[in-house]
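A short write-up of the structure that comes next.
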Amino acid sequence: MRAQFLTTAWKLRFFVTLIVTLFMINRTCAQDVIINSDPVTWGWFDAYPNTTVNGNLTITGGVPDLEELGDDFWENLSNVTGSLIIDNADNLTSLNGLQHLLNIGGDLIIQNCDNLEDLTGLENLQTIGGELSIINNNSITTMGATPWSLQTVGSVFIGHNISLTGLDPFQNITSTGAIEIRQNPNLVSIISFPNLVSCTELKIISNGSTLNNVQGFENVNTINYLEINNNPILSVCCWATHLIDKATAPTAILANAPGCESVAVVNAPPIVAPCPANQTISVDAGLCSKTVVLTDPFISDNCDLVPSSYMVDITRPGSFETIPGSPGATLTFAYPVGVSTVKWYVKDTNGQETTCTTVITVVDDTP
């Protein structure tokens, strides 16, 4: 009798374990989820309120504003193991409702949402395993007022968003693959990625006649390829000088405004001019030296100079000294018989140096 009871108990225990296991598997819901205008699709999170989407989550069609579905609809959604695809969801003006989402294993694709004004709601997102792709959303003007928490993303493509004016939410990304910002015709500024250390590619291409300010790539020390192409009023590309130096493949800079029309222009060394002409002069009778007055050249650079680097080396027979340069100032010294040199030099922030040298030859031709 006891043996029969134990057998029944073990069977019951096995049955309960099986039911719990199946329930947990069911809660994991290893399938793609689509939410659209059909209210039937809105019941997924009601049925599995604590579930990670174990697959792709697609929000599309006439789905109502996400907040209208209620915070309890989204509040436990923190992970999507596949891709999050928001496509042709024309009722959406923001992505409020997704603020609990932390991780996406695949891509984040936001495309063809004509009334989406910004991406508010994604600011707590931390990782995207694949590409962040924001394409062809006609009403997006900004990424949102709050910087994103996003730290990890496979690559970034932002293109064909006709109302986008600013791009500045990505404060925490340190490493990614390719970054491409293309054909956003009203984009004015790109102030992004201040903590980015490495990327495989950076392409800023064909962003219309409004883009005039790019910042935020100053900490990049590893990059394979850089392209800045066809941005008609982008004239200042000093932010790119160190990227040119770091890139392992030839850089392409072309068809931008003067000042950013080529690699040679962007990466040009400083200018020191006019450089005083060489002089050959004679000492006066009874003297062993001749006083000469020179003028320090002016200095300029298409990017930022290091003013404190402007120096003058004065080499005379038997002596040498270095003094600070001062553009337009007079430089008065007595030069003994023989050959002396005066060398001016200055560096820019990229470490490039330009020099100019004047030779002073003093002769004694008295009988």
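The values are calculated or read from the model by the stated rules, or taken from the named source; none is laboratory data. These numbers were taken from a predicted model, which means no experiment stands behind them. Please note: Cβ atoms are built from the backbone with ideal geometry, for glycine as well, and neighbour counts cover all protein chains shown.
Values computed for the structure shown
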item: Pairs with Cβ under 6 Å, 6+ apart, first in the stretch 192-205 and in a strand (DSSP E or B), second aliphatic (A, V, I, L, M) and modelled with pLDDT of 95 or more; result: C199/I179; C199/I223; T200/A178; E201/A178; L202/I179; L202/L226; I204/I181; I204/I228
item: The listed residue being surrounded by 24 or more Cβ atoms within 10 Å (Cβ to Cβ) and in contact with a strand residue (DSSP E or B) (Cβ under 6 Å, 6 or more places away or on another chain), out of T200, T176; result: T176
item: Residues of the stretch 216-255 satisfying the condition of being in contact with a Ser or Thr (Cβ under 6 Å, 6 or more places away or on another chain) and not in a strand (DSSP E or B); result: G216, N230, P232, I233, I244
item: The stretch 313-325, residues that are surrounded by 12 or more Cβ atoms within 10 Å (Cβ to Cβ) and either under 26 Å from C238 (Cα atoms) or of a type in the set (D, E) (or both); result: D313, P324, G325
item: Failed criterion for D304 (all others in (1) exposed (fewer than 15 other Cβ atoms within 10 Å of the Cβ); (2) more than 31 Å from the chain's Cα centre (by Cα); (3) closer than 29 Å to C237 by Cα hold); result: (2)
item: D301, sole failed condition from (1) at pLDDT 95 or above; (2) closer than 23 Å to I271 by Cα; result: (1)
item: Extreme residue, farthest from T52 (Cα to Cα), among residues of the stretch 129-149 that are modelled with pLDDT of 95 or more and within 17 Å of the chain's Cα centre (by Cα); result: I134
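Conditions tested, residue by residue: (1) part of a strand (DSSP E or B); (2) of a type in the set (K, R); (3) without any contact (Cβ under 8 Å) to a residue 24 or more places away in the chain; (4) surrounded by 12 or more Cβ atoms within 10 Å (Cβ to Cβ).
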residue	(1), (2), (3), (4)
A257	no, no, no, yes
V272	yes, no, no, yes
L287	no, no, yes, yes
L294	yes, no, no, yes
P327	no, no, no, yes
A334	yes, no, no, yes
T357	yes, no, no, yes
T366	no, no, no, no
